[in-house]
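S.K.: Before I ask anything, let me first share the structure, which is written out below as structure tokens.
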Amino acid sequence: MTEACSTALQTIISEFRNISPEIASAFVFKKDGEVLASTETVTEDQAKKVSTAIDDISEEADVIGGVETLTIYGVSSQLSVTSMDDCFLAALSSREADEKRVKALTCVVVPTVVRLVNQVSTALPENQLLNIEKPEAKLTEDFEEPEQAEQAEETEQVFEMPEEPTPVEQVVEPLEEPKPMESLPDPLEVDSELIFPKPPVNQFMVEKIGGLLVASNTVRVDKDVVAMWSDLYSDREITQVNVETLEGRTLICKFKPMSKADGNAKGIIKIPEKILRTLNISEGKLVIIKPVILTAREKKS
Amino acid sequence: MKRNSLADETETELPNVVIPSSTCDEGSVFASLSASLAEIRKLNGVIGYILRSSSSAMLDLSELDKISQYAALAYQLNESSLDIAKQLNLAEVESVLVEGIKLKVLFMRIGENKISVFMEKNANHSDIIKRILI
């Protein structure tokens, strides 16, 4: 399970108390004791011992069809442990808790999310899962109060390339200000945009590229990734990529598929020094790459 | 109703007598619990039970060929539930419910007496807890 998936689980179990205040704490742990998410401090040793105890019960539980859930009722509190694929969810709540609600959360919601996450993890490469949290972050950004947005705008760093004959294009995506309502677009155009797949997100490690024949505004991307983009957007010409650092600095620039001479190493993006300076990153750092797909309207403008 | 006694839940050979309890107090609790369990056994969905004290045991299960498996599970529940409760600082354990794909089992400890009630998944275990605690 990736870090992003653990964070998703953490978010869900953190919401438990809002849904059912009687739930005092919850944690998700693997069979080997690794704690994936928790609302309170649980040591790996504790989780491992709990896991071992459940395993011991499971070994003898064939007669009832294994262990799906285990609930221990104390005098004033109860502990519910649910088995989910390769991990467990434990939730500690008071005896006053609505049993149906606790069961819905621990036996339905979280196991469903875990199964879904596991399915997605097997279907997608890990570097595409690392950005699961991004849309959420973007949403909160979009819903910022106008004052906060202004402040954010003030504090946001603006990166501009030095004025040279071959400048790298627009660097930072500014926060969008509310725009007056525009006339309705052509319905046919809207339909074609709606079915357009979302740009895939890939994470790469940075390598510096230099030399006389190297364009200072062009990055080199794994040719297999470029081929995948071409397959996805067969009817669109992709000429630019959006490079985003883990600190959130973004830059749109031209790209070229890596050639044999470049080594065509997997998981590597080769970036000229000028762009590295602009993004304030160095070799070995991770960046997120998205192809820039222009909509029909953007192209016209 | 067929009754068997059980000296050790993990043993496969089961004696056919109920071993009397060592003290009067224990004996009366055991007798009271066995009476309650006999009533519980009649409830819809209950497929059997095991009652064990420090010196006596009694069981009534519909699948006699699986007695040793049920007994082993009951024993393990007693051990492991204590471990889990200790690890997570859960105050005194009143009862334990384990749900499997086919059946569920309710485990309770009343003094020296350990009770395991096996039932269908749709059986009302809360009602059984109340009946045992009365």
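S.K.: Starting with the highest mean, order B:58-65, B:103-110 by the number of other Cβ atoms within 10 Å, averaged over the residues of each peptide. Could you put the intermediate results ahead of the total?
M.R.: Details: B:58-65: 16.1, B:103-110: 21.8.
Result, highest mean first: B:103-110, B:58-65.
S.K.: Now, a different point. With a point put 7 Å past each Cα toward its Cβ, work out how far A:Ile238 is from B:Ser55 in nm, to one decimal.
M.R.: Between A:Ile238 and B:Ser55, the simple spin-label model gives 8.0 nm.
S.K.: Could you tell me whether segment B:24-133 comes out rounded, prolate or oblate from its Cα gyration tensor? Rule is a ≥ b ≥ c as square roots of the eigenvalues, rounded for a/c under 1.5, then prolate if a/b exceeds b/c, otherwise oblate.
M.R.: Rounded, because the longest to shortest axis ratio a/c is under 1.5.
S.K.: Counting only residues 5 or more places away or on other chains, whose amide H sits under 5 Å from the amide H of B:Lys121 once H atoms are built in the peptide plane?
M.R.: Amide H neighbours of B:Lys121, under 5 Å, 5+ apart: B:Lys104.
S.K.: Enumerate the amide H contacts of A:Ile209 below 5 Å, restricted to partners 5 or more residues apart or on another chain; note that Pro and chain-start residues carry no placed amide H.
M.R.: A:Ile271, A:Glu273
S.K.: Shielding by partners for A:42-50, please: the mean number of other protein chain Cβ atoms within 10 Å of each residue's Cβ. Write down the numbers at each step before the final one.
M.R.: Values: counts 2, 1, 0, 1, 5, 2, 1, 5, 7.
The per-residue average across the peptide is 3.
S.K.: Kirkwood-based Rg over Rh for segment B:34-79 (C-alpha set), two decimals?
M.R.: Radius of gyration over Kirkwood radius for segment B:34-79 works out to 0.96.
S.K.: Classify segment A:3-129 as rounded, prolate or oblate from the Cα gyration tensor: take a ≥ b ≥ c as the square roots of its eigenvalues, call it rounded if a/c is under 1.5, otherwise prolate when a/b beats b/c and oblate if not.
M.R.: oblate
S.K.: Quick one: of A:Lys208/A:Lys285; A:Lys103/B:Lys42; A:Lys223/A:Lys260; A:Lys266/A:Lys290; A:Lys223/A:Lys254; A:Lys208/A:Lys266, which pairs are farther than 18 Å apart, Cα to Cα? If you can, show how the numbers build up before the last one.
M.R.: Numbers: A:Lys208/A:Lys285 11 Å; A:Lys103/B:Lys42 28 Å; A:Lys223/A:Lys260 10 Å; A:Lys266/A:Lys290 16 Å; A:Lys223/A:Lys254 14 Å; A:Lys208/A:Lys266 15 Å.
Exceeds cut-off: A:Lys103/B:Lys42.
S.K.: May I ask you to evaluate 6.51 cos²θ - 1.76 cosθ + 1.60, the Karplus curve with θ = phi - 60°, for each residue of segment A:40-57 and list the ³J(HN,Hα) values in order in whole Hz, giving x for glycine and proline?
M.R.: Rounded to whole hertz, the list is 9, 5, 10, 7, 4, 5, 4, 4, 5, 5, 5, 4, 4, 4, 5, 4, 4, 5.
S.K.: Filter A:Lys30/B:Lys104; A:Lys100/B:Lys121; A:Lys30/B:Lys66; B:Lys86/B:Lys114; A:Lys31/B:Lys121 down to the pairs with a C-alpha to C-alpha distance above 20 Å, please.
M.R.: Cα-Cα > 20 Å for A:Lys30/B:Lys104; A:Lys30/B:Lys66; A:Lys31/B:Lys121; rest within.
S.K.: Still on this structure, please answer the following. Mind ordering B:93-100, A:25-32, A:103-110 by average Cβ neighbours within 10 Å, highest first?
M.R.: With the highest mean Cβ count within 10 Å placed first, the list reads B:93-100, A:25-32, A:103-110.
S.K.: Can you give me the distance in nm between label points at B:Leu82 and A:Leu246, each placed 7 Å from the Cα along the Cα-to-Cβ direction?
M.R.: 4.7
S.K.: Right, something else. So who's got an amide H within less than 5 Å of the one on A:Gly74, skipping anything under 5 residues away but keeping other chains? H placed 1.01 Å off N, in plane.
M.R.: A:Leu79, B:Glu94
S.K.: In what sequence, highest mean first, do A:222-233, B:30-41, A:270-281 appear when ranked by Cβ atoms within 10 angstrom? Write out the running numbers ahead of the final one.
M.R.: Values: A:222-233: 15.8, B:30-41: 17.5, A:270-281: 19.3.
Going by the mean number of other Cβ atoms within 10 Å, highest first, we get A:270-281, B:30-41, A:222-233.
S.K.: Let me ask something else about it. Using a 10 Å cut-off on Cβ to Cβ distances, tally the other chain neighbours for every residue of B:73-81 and report the average as a whole number.
M.R.: The mean count of partner-chain Cβ atoms within 10 Å per residue comes to 5.
S.K.: What is the mean number of Cβ atoms from other protein chains located within 10 Å of the Cβ atom of each residue in peptide B:99-106, rounded to a whole number?
M.R.: Across the residues of B:99-106, the mean count of other-chain Cβ atoms within 10 Å is 6.
Every number here is computed from the coordinates shown, using simple stated rules; none is lab data. Not measured: the values here are computed from a predicted model. Because the Cβ atoms are built from the backbone with ideal geometry, glycine has one as well, and the counts that use them run over all protein chains shown.
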